[in-house]
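Bear in mind that the values in this text are calculations on the coordinates, not laboratory data. Given the structure is predicted, the values throughout are model-derived calculations rather than measurements. Here the Cβ positions follow ideal geometry from the backbone for every residue, glycine too, while neighbour counts run over all protein chains shown.
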Amino acid sequence: MKPILILLPALLLAPLAAPEAHGASTGPDGKALFDRNCGVCHSVNPPPKSAPPIVPIASAYHRQFASKAAGVSHMAAFLKSPSKAASKVDPEALTRFGLMPPVALGDAELKAVAGWVWDQYNPNMGQGVGGSQNGGNGNCR
């Protein structure tokens, strides 16, 4: 009985000693940061709000970067200091919505948001550049 009484406190306190072993995140939450800082202008899926939706942005980054690390790094730098030259979205989106303002977050938060955006890629959504299934002739029948 004594070994059980000795092990019981250790088992009860173990989760408190190592929260990361039980799924707790050690870095910023990209989705929560997106919701607080980006969701006012960006929807996740079409239709757009006052800025391009996230899924087509994620598609553009997946087409232009071979790795998540490269795409996230570029996106985080763009969020910190947006420029037309560094933009990876469809040029028509820039014409329609304009260039976004800089995002006032720290580097770790910018990378967390960029990582979350990268993960929103959905290959079933198409390329996200205004393409259509009927050749773009406007005939929806």
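A few remarks follow.
- R0 of 22 Å, Cβ-Cβ distance V40-R96: FRET efficiency to nearest 0.05: 0.80
- Peptide ranges 113-125, 27-39, 87-99 listed from the most packed, as the mean C-beta count within 10 angstrom indicates: 113-125, 27-39, 87-99
- For region 44-121, the C-alpha radius of gyration divided by 2.2 N^0.38 Å, with N the number of residues, is 1.00.
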